[in-house]
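S.K.: Structure below; questions to follow.
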Amino acid sequence: MKALILVGGFGTRLRPLTLTKPKPLVEFANRSMILHQIEALVKAGVTDIVLAVNYRPEVMVAVLQKYEEELGVRITFSVESEPLGTAGPLALAKDILSKDNSPFFVLNSDVICEFPFEALRDFHIQHGNEGTIVVTKVEEPSKYGVVVTKPGSTHIDRFVEKPVEFVGNRINAGIYIFNPTILDRIPLRPTSIEKEIFPGMAADSTLHCFDLEGFWMDVGQPKDFLTGTCLYLASLAKKSPEQLAPATAPYVHGGHVMVHPTARIGKDCKIGPNVVIGPNVVIGDGVRLQRCVLLDSVRVKDYAWIRSAIVGWNSTVGRWSRLEGVTVLGDDVTVAPEIYINGGFVLPHKTISSNVTEPKIIM
Amino acid sequence: MSTVKAVILVGGPSRGTRFRPLSMNVPKPLFPVAGRPIIWHPIAALAKLKQVTEILLVGFFEDFVFREFLDSCSAEFPNIHFKYLREYQSLGTAGGIYHFRNEILRHSPQHIFVLHADVCCSYPLAEMLAFHEAQGRGGTIMGTRVERDDAHRYGCLVADTETNEVLHYVEKPETFISDLISCGVGVFKYSALFDTIRAALEARHQQMEEDRAYEWPSRSTETDDYDVLRLEQDVLRPLAADHQLTVYVTPSFWRQIKSAGSAIPANAAYLDQMLQSHSTALTPPSSATAGPEIVGAVSIHPSARIDPTAKIGPHVSIGPRVTVGPGVRVKNSILLDGVDIKPNSCVLNSVIGWRSKLGSWVRVEGTPVSGRHDLEAITNAGVKNQSITILGQEVVVADECIIRNCIVLPNKELRSSFHDDILM
């Protein structure tokens, strides 16, 4: 089987992290975002993966070559010379996607969920039509495009963009499976799959929807990255608690704490809920962490307090410093001792030695 | 050797509202700064002068207010007589002195120091008295130079640069007069002080007679006003006009203690002075052995318990019976009697009121006051910001909260974080 992952551009929404690393390589729960997707695809029998990208940084090529070898999968970069939207990349990768008659997966690289590719494949083959859209239920559908099905059926009837009146609460989750015949519908130019391709397929009664179990999150920006991390850790606590720090660990508070085996934690810390501690991280004594992500080689000094923050690679948080309010530190940032940062986005290699009391960007 | 007396003007309970919420629990002159009441600092400086025989506090607090404090002063400075003189009606700073003239002039002192209680300075009183006696004029006031933009907040002096004679004195001028200001500390020949007040009083009464003759309506019912005399207006100005006033410019620090937040820079200034004079009242810097990390000038009461993993200073005063837990950081702050701080908390640029309790990982933070004039709470669109944080008596702050740039009235229980606010 084959799959195409829509990676797109520079990931500006996840800056300052993406100033240092391409977005697909940013670690989500200690593994690169794209690895979550590739592993799930491989598990469902996928052997060919196309990454649809606007640019091809060397660091990404190197990492993905490693994944190719480790997972026994072929990964091809399909580089757009101009952004082709959400459908155009399928046309660009036509050679690979149509090399046999088996269906192929398409997914948005910003999405994190439990990736039910096997069940999706089985459902798709069973109904036999051209496409299946994974849908997820949301509380406030008015912000999204809502998928409306024919009564008592999985057949999609129509799409309602940002509905004013309640028509349903299932939205497009950005994960699909299609028969190669869809490629006949897509021209090689900038095209939106949601607006230009799906309505025609719905009119032809050849599009179904598949209900997603469990959580779903677009983690393309810092606030949602943190929310997605919380949802992912909650899901792990149910499905693979062995990947989390045991509740019996002296520092764990409220559970849902992931600690990389190479990380070191001082005494009298209180960590959790919803914390990811990356490789080679060193945490001092009396540190309080909750709802935060510490990336590779972060140093958190004694008595620091962190909530709702992403601490970028190699950064240091000084003694008695306090980070909160969706603060994001880029690579190699130093926060001096006793500093308070509320909602600061700090670009790489900066030293912060005075308070940042209101959300702002530190260039 | 001449004999000298001192009068410290301590005001009354209706004064010092700007010192709230700290003045709600202690009269402002007795609020501890650098481990000692505000008025202890001038008293200790006066006690170093051999000529000083008596120190009188004049104000309109109730009698019992200063009793205990003056008893302790008598024990500490046995060669000096202390007394509190209570005004029953506010007669103004000069009016109060004149009212108690018999008490002040008993035993015929040659010179009288007059000090405002809300001053924080190095009190170079021996030098000032020597200067005053050498000049031989009626009075000498302490002066200091301030930023040009701040001068209008004070009494401004124009002085002859060679003779130090004060040529002109204006209280809080609207336009710029001079960057040399009066520090609120003066020393006067007894005769010059009382003759000037008496002359001012006579001029007032004559004015009263004239006003009555013309039935001046707005004043006819407020005869008391005629007895209200102010030191600046009614003594310093006429002395300057008579060429009887000189200025002694202090070579060291000076600032006022007006708002509650101004206790913090005053605390820092006194602690630094103690550090320079190698005072044994300071806590010695941390050694390699066990004990809390002490940075710079710090005063810790012997009955306070500080965990060895805490870091304290610079510019911290910790009162009696305070408990500071493991991993706590305190900087540029005053912790009053009985404060309890749980582990890993951080207190910066703040005053923590009597018996207040801070939970774990609490952060109480103010903004350090810059500049020398007394910064009041600056308000921006009705929101208070950028100031020292003050917690009143018995305030409780829950675990992990941040209280930043806030003034918190006594007995509040704070269960969430607050910024830039006054919490009633």
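The values are calculated or read from the model by the stated rules, or taken from the named source; none is laboratory data. Here the structure is a predicted model, which is why all the values come from computation and not from measurement. Cβ sites come from the backbone with ideal geometry, for glycine too, and all protein chains shown count toward neighbours. Remember, those area values only see protein heavy atoms, side chains included, never the ligands or the DNA or RNA. Shrake-Rupley method; radii C 1.70, N 1.55, O 1.52, S 1.80 Å.
S.K.: Looking for something open to solvent by 10 Å² or more (accessible area, probe 1.4 Å), in contact with a helix residue (DSSP H, G or I) (Cβ under 7 Å, 6 or more places away or on another chain) and either closer than 29 Å to residue A:82 by Cα or assigned to a strand (DSSP E or B) (or both) - is there at least one such residue anywhere in the range A:133-144?
M.R.: Scanning the range A:133-144, I find no residue that is open to solvent by 10 Å² or more (accessible area, probe 1.4 Å), in contact with a helix residue (DSSP H, G or I) (Cβ under 7 Å, 6 or more places away or on another chain) and either closer than 29 Å to residue A:82 by Cα or assigned to a strand (DSSP E or B) (or both), so the answer is no.
S.K.: Go through (1) of a type in the set (Ser, Thr, Tyr); (2) open to solvent by 30 Å² or more (accessible area, probe 1.4 Å); (3) under 20 Å from the mean Cα position of the chain (by Cα) and name the single condition residue A:154 misses.
M.R.: Evaluating residue A:154 over (1) of a type in the set (Ser, Thr, Tyr); (2) open to solvent by 30 Å² or more (accessible area, probe 1.4 Å); (3) under 20 Å from the mean Cα position of the chain (by Cα) leaves (3) as the failure.
S.K.: Return yes or no: is residue A:13 of a type outside the set (Val, Ile, Thr), at pLDDT below 90 and assigned to a loop (DSSP other than H, G, I, E, B)?
M.R.: It is false that residue A:13 is of a type outside the set (Val, Ile, Thr), at pLDDT below 90 and assigned to a loop (DSSP other than H, G, I, E, B).
S.K.: Moving on to the next point. Sort out for me the strands (runs of 3 or more DSSP E) sitting completely within the range B:102-200 that have 2 or more residues that are buried (at least 18 other Cβ atoms within 10 Å of the Cβ) and small (Gly, Ala, Ser).
M.R.: Qualifying strands (runs of 3 or more DSSP E): B:139-145, B:155-159, B:180-189.
S.K.: Determine whether the range B:251-262 contains at least one residue that is farther than 30 Å from residue B:24 by Cβ and either out of contact with any Gly (no Cβ under 6 Å at 6 or more places or on another chain) or at pLDDT 90 or above (or both).
M.R.: Yes, that holds for at least one residue.
S.K.: For a quick check of your reading: which strands (runs of 3 or more DSSP E) sit entirely within the range B:231-348 and have at least 3 residues that are assigned by TED's automatic domain parsing to the domain that holds residue B:8 and either open to solvent by less than 10 Å² (accessible area, probe 1.4 Å) or farther than 28 Å from residue B:44 by Cα (or both)?
M.R.: Correct list: B:245-249.
S.K.: While we're on this one: In the range A:162-185, what count of residues is obtained for those that are under 23 Å from residue A:46 (Cα atoms) and among the aliphatic types (A, V, I, L, M)?
M.R.: Residues meeting the conditions: 5.
S.K.: Still on this structure, please answer the following. Quick check on this structure: which one of B:14, B:72 is assigned to a loop (DSSP other than H, G, I, E, B) and small (Gly, Ala, Ser)?
M.R.: Only one candidate qualifies: B:14.
S.K.: Look at residue A:43 and say whether it is over 25 Å from residue A:122 (Cβ atoms), open to solvent by 10 Å² or more (accessible area, probe 1.4 Å) and out of contact with any Leu (no Cβ under 9 Å at 6 or more places or on another chain).
M.R.: no
S.K.: Then there is this: Any idea which of (1) within 29 Å of residue A:235 (Cα to Cα); (2) surrounded by 21 or more Cβ atoms within 10 Å (Cβ to Cβ); (3) in contact (Cβ under 8 Å) with a residue 40 or more places away in the chain; (4) touching a strand residue (DSSP E or B) at 6+ places or on another chain (Cβ under 6 Å) is the one residue A:48 doesn't satisfy?
M.R.: (2) is the only condition that residue A:48 fails.
S.K.: When you check residue B:74 against the structure, is it without any contact (Cβ under 8 Å) to a residue 12 or more places away in the chain and either in the same structural domain as residue B:350 (by TED's automatic domain parsing) or among the small types (Gly, Ala, Ser) (or both), yes or no?
M.R.: It is true that residue B:74 is without any contact (Cβ under 8 Å) to a residue 12 or more places away in the chain and either in the same structural domain as residue B:350 (by TED's automatic domain parsing) or among the small types (Gly, Ala, Ser) (or both).
S.K.: I would also like to ask the following. Filter the range A:324-338 for residues that are β-branched (Val, Ile, Thr), open to solvent by less than 10 Å² (accessible area, probe 1.4 Å) and in a loop (DSSP other than H, G, I, E, B) and give the result.
M.R.: The answer is A:333, and nothing else.
S.K.: Given the residues B:141, B:104, B:112, which is the only one that is more than 21 Å from the chain's Cα centre (by Cα), β-branched (Val, Ile, Thr) and within 21 Å of residue B:11 (Cα to Cα)?
M.R.: B:104
S.K.: Report every pair of residues separated by at least 6 positions or lying on different chains whose Cβ atoms are under 7 Å apart, first residue within the range B:7-34 and touching a residue at least 60 places away in the same chain (Cβ under 8 Å), second open to solvent by 60 Å² or more (accessible area, probe 1.4 Å).
M.R.: B:18/B:376
S.K.: How many residues are charged (D, E, K, R) and either modelled with pLDDT of 95 or more or in contact with a Gly (Cβ under 6 Å, 6 or more places away or on another chain) (or both) when one looks only at the range B:90-132?
M.R.: 1
S.K.: Just for the range A:179-205: of the residues that are without any contact (Cβ under 8 Å) to a residue 40 or more places away in the chain and farther than 15 Å from residue A:155 by Cβ, which one is most open to solvent (accessible area, probe 1.4 Å)?
M.R.: A:195
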